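Visitor: Quick one: the structure is below, questions incoming.
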Amino acid sequence: TILILDFGSQYSHLITRRCRELNVYAELMPCTQKLKDLKWTPKGIILSGSPYSVYDNDAPHVDPDVFELGVPILGICYGLQELAWQLGGTVANCDHREYGFAQVQINKIDKGGSSVNALFEGLGDDLQVWMSHGDQLSGLPTGFQVIGHTKTAPFAAIVHDSKPIYGIQFHPEVTHSPRGKEVIGRFVLNICGCKTDWTMEEFIGKEIKRIREICGPKGRVIGAVSGGVDSTVAAKLMHEAIGDRFHAIMVDNGVLRMNEAKQVNEMLNKDLGVNLTVVDASDLFLSRLDGVEDPEKKRKIIGNTFINIFEEQAAKLEAEAEQEEKELGAEAKGKIEWLLQGTLYPDVIESISFKGPSATIKTHHNVGGLLADMKLKLIEPLRELFKDEVRALGRLLSIPAPLVQRHPFPGPGLAIRILGPVTREQVKILQHADSIYIEEIRAANLYNEISQAFAVLLPVKAVGVMGDKRTYEQVIALRAVQSEDFMTADWYVFPPEVLRRISSRITNEVSGINRVTYDISSKPPGTVEWL
Ligand code: XMP
């Protein structure tokens with residue numbers, strides 16, 4: 001395992017990703033992590049970049065034990081400056097912030113038979129890289145030599161004379177450094193000697209074993225499924241590990257997509273064999289949403305009602321278990337002790353920052369209420385994985401391809417896509433329009449090119465004409481975006497004929513709609529959802 005110590009750079013998680021793409025397991029931890037508290041010994045350590053300057057009063061610094069451990073170290077950008085700060089070099093502010101492409105000339109060295117340092121072995125004499133820094137090294141730390149320089153940075157890459165300690169000014173983890181991944185590969189594979197044993201097949205085996213150990217021979221687990229990728233993959237993995245001792249619950253909140261509850265039931269229960277109960281609570285949700293327009297109120301009502309229904313179902317299962325225990329004694333099934341959560345690595349990273357848990361964690365990730373009330377322990381089998389790793393895992397677990405590639409769908413569902421009050425009629429109109437939209441996107445083979453697409457129902461009426469009659473009906477807005485992580489997003493440029501077909505079908509087939517518009521706002525300043 002490679003330990004990546006995070007100093008707060010926006011690229012830190014990319015270092016983790018690149019290692020894993022090389023089939024080497026890597027874990028990101030805050031730079032303040034004390035080595036003596038680690039329960040494992042890393043094969044190598046990478047120090048990330050940072051928005052700070054090493055001389056800032058509140059600059060983050062690494063546990064000096066890192067340099068005594070004897071494992072290879074690679075400092076990237078701020079990580080290089082931190083090396084210098086700790087080991088006797090000097091760092092200076094550049095006249096201007098360097099941001100963009102640069103050419104690193106690889107210095108020939110006189111060491112151990114090879115004229116090129118192991119970090120750049122086989123990568124040629126110069127390397128196109130991406131720089132993003134305000135400070136840079138102005139003096140070498142003790143015992144180091146230069147192995148790469150640029151026009152403006154005389155110490156763009158350095159190495160210790162006798163220890164495997166490296167520093168580079170550029171960012172090998174971003175795709176703008178075309179051979180950056182190879183540089184990381186030279187470090188983790190050749191210099192640290194890591195094995196390439198981080199594969200999804202390995203992960204499944206290890207995780208199933210871990211789940212079985214945690215749950216013991218009788219422990220039971222419940223979890224909510226939504227039909228989304230994460231909860232489906234987590235549910236299937238639990239089923240593989242403990243079979244029917246995992247019980248999934250799907251709550252139909254009345255604001256799902258068209259036929260969603262039915263489809264999820266068929267897929268999870270019939271095709272994947274997961275023990276699933278679908279609860280139709282749409283009446284309760286819609287009655288509580290009656291007349292509510294404020295988006296945050298809608299979210300709260302849906303979140304709280306969901307918890308009520310989920311607890312009710314769990315209590316039912318618990319009562320059944322108690323009854324069984326009375327009747328069967330030792331033969332009875334165990335108690336429900338665990339709650340399954342489809343938490344992914346980005347959520348984990350967000351809450352381990354050295355600056356403390358981030359205030360921006362979305363409320364929908366918060367199941368604290370459920371845990372406190374029900375005295376359940378949390379089980380999170382996906383907490384080490386990135387989204388695309390979850391997708392790869394899903395494929396290996398034989399989850400159908402269309403589901404694995406599915407666009408995200410928000411917990412509060414269509415309630416935050418119906419502007420104004422939510423009624424059964426409005427839900428029906430939006431479900432119909434949305435299903436046509438997605439059907440046409442799939443037919444045009446564009447679904448996987450788009451990160452998220454959906455229809456929005458506007459609470460206004462517009463004038464139109466149908467036959468020789470004047471109409472006065474509602475408006476549908478279409479949204480489609482491309483995004484890496486949904487923190488930023490660009491609106492998607494459709495071929496005009498696809499938009500024409502979608503618009504014509506919606507206005508012809510969905511009664512109550514006479515006008516379709518296309519949303520051309522990016523995020524920021526817009527958000528992906530309209531509410
Ligand atoms: P925004 O609208 O914040 O959306 O740009 C970014 C991503 O988050 C999803 N989203 C939500 N997901 N509960 C969820 O489970 C919510 O309340 C919620 N609000 C937004 C949105 O669909 C997009 O993928």
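The values are calculated or read from the model by the stated rules, or taken from the named source; none is laboratory data. The structure presented is a predicted model; accordingly, all values stated were derived computationally and were not measured. Cβ: placed from backbone, ideal geometry, glycine included. Neighbour counts: every protein chain shown. For accessibility, only protein heavy atoms count, side chains too; no ligands or nucleic acids. Shrake-Rupley method; radii C 1.70, N 1.55, O 1.52, S 1.80 Å.
Visitor: Among (1) within 30 Å of LEU289 (Cβ to Cβ); (2) at pLDDT 95 or above; (3) away from the ligand (no atom under 16 Å from the Cβ), where does LEU396 come up short?
Guide: (1)
Visitor: Which pairs do you get when a residue that is among the basic types (Lys, Arg), found in the stretch 177-192, comes within reach of a residue that is open to solvent by 50 Å² or more (accessible area, probe 1.4 Å) and in a loop (DSSP other than H, G, I, E, B), reach meaning Cβ atoms under 7 angstrom, with the pair 6+ apart or on two chains?
Guide: So the pair list comes out as ARG186/GLU121.
Visitor: Right, here's the next one. Just one of ALA480, ALA453, ALA489 is at pLDDT below 95, within 15 Å of the ligand (Cβ to nearest atom) and open to solvent by less than 30 Å² (accessible area, probe 1.4 Å); which is it?
Guide: ALA489
Visitor: Residues of the stretch 499-531 being within 16 Å of the ligand (Cβ to nearest atom) and either in a loop (DSSP other than H, G, I, E, B) or touching a Lys or Arg at 6+ places or on another chain (Cβ under 9 Å) (or both), which ones?
Guide: Answer for the stretch 499-531, where residues must be within 16 Å of the ligand (Cβ to nearest atom) and either in a loop (DSSP other than H, G, I, E, B) or touching a Lys or Arg at 6+ places or on another chain (Cβ under 9 Å) (or both): ASP519, ILE520, SER521, SER522, PRO524, PRO525, GLY526, THR527, VAL528, GLU529, TRP530, LEU531.
Visitor: On the given criteria, is VAL475 within 16 Å of the ligand (Cβ to nearest atom), open to solvent by less than 30 Å² (accessible area, probe 1.4 Å), farther than 26 Å from LEU272 by Cα and not in a loop (DSSP other than H, G, I, E, B)?
Guide: The answer is no for VAL475.
Visitor: Could you check, for the stretch 224-232, whether at least one of its residues is open to solvent by 60 Å² or more (accessible area, probe 1.4 Å) and without any contact (Cβ under 8 Å) to a residue 60 or more places away in the chain?
Guide: Within the stretch 224-232, not a single residue is open to solvent by 60 Å² or more (accessible area, probe 1.4 Å) and without any contact (Cβ under 8 Å) to a residue 60 or more places away in the chain.
Visitor: Considering only residues that are hydrophobic (A, V, I, L, M, F, W, C), more than 29 Å from the chain's Cα centre (by Cα) and either assigned to a loop (DSSP other than H, G, I, E, B) or surrounded by fewer than 16 Cβ atoms within 10 Å (Cβ to Cβ) (or both), which ones fall in the stretch 58-80?
Guide: LEU69, VAL71
Visitor: Before we move on, is ALA102 modelled with pLDDT of 90 or more and part of a strand (DSSP E or B)?
Guide: In short, yes.
Visitor: Mind checking which residues of the stretch 171-192 are outside any helix (DSSP H, G or I) and either surrounded by fewer than 18 Cβ atoms within 10 Å (Cβ to Cβ) or touching a Phe, Trp or Tyr at 6+ places or on another chain (Cβ under 6 Å) (or both)?
Guide: Residues satisfying the conditions are HIS171, GLU173, VAL174, THR175, HIS176, SER177, PRO178, ARG179.
Visitor: While we're looking at this one, here's another question. State whether one or more residues within the stretch 243-253 are open to solvent by 30 Å² or more (accessible area, probe 1.4 Å), in contact with a Pro (Cβ under 9 Å, 6 or more places away or on another chain) and assigned to a helix (DSSP H, G or I).
Guide: no
Visitor: Which ones in the stretch 8-25 are under 16 Å from the mean Cα position of the chain (by Cα), outside any helix (DSSP H, G or I) and buried (at least 17 other Cβ atoms within 10 Å of the Cβ)?
Guide: Matches in the stretch 8-25: TYR11 only.
For every residue, the table says whether it meets (1) within 17 Å of ARG505 (Cβ to Cβ); (2) of a type in the set (D, E, K, R).
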{"site": "ALA401", "(1), (2)": "no, no"}
{"site": "LEU419", "(1), (2)": "no, no"}
{"site": "VAL422", "(1), (2)": "no, no"}
{"site": "LYS428", "(1), (2)": "yes, yes"}
{"site": "ASP434", "(1), (2)": "yes, yes"}
{"site": "ALA443", "(1), (2)": "yes, no"}
{"site": "GLU449", "(1), (2)": "no, yes"}
{"site": "LEU457", "(1), (2)": "yes, no"}
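Visitor: Additional query: Which residues, taken from the stretch 399-450, are within 14 Å of the ligand (Cβ to nearest atom) and either assigned to a loop (DSSP other than H, G, I, E, B) or surrounded by fewer than 17 Cβ atoms within 10 Å (Cβ to Cβ) (or both)?
Guide: Matches in the stretch 399-450: ARG406, HIS407, PRO408, PHE409, PRO410, GLY411, PRO412, ARG417, LEU419, ILE450.
Visitor: Then there's this: Within the stretch 254-284, restricting attention to residues that are under 15 Å from ARG424 (Cβ atoms), of a type outside the set (A, V, I, L, M) and without any contact (Cβ under 8 Å) to a residue 40 or more places away in the chain, which residue is surrounded by the most Cβ atoms within 10 Å (Cβ to Cβ)?
Guide: Top of the filtered list is SER282.
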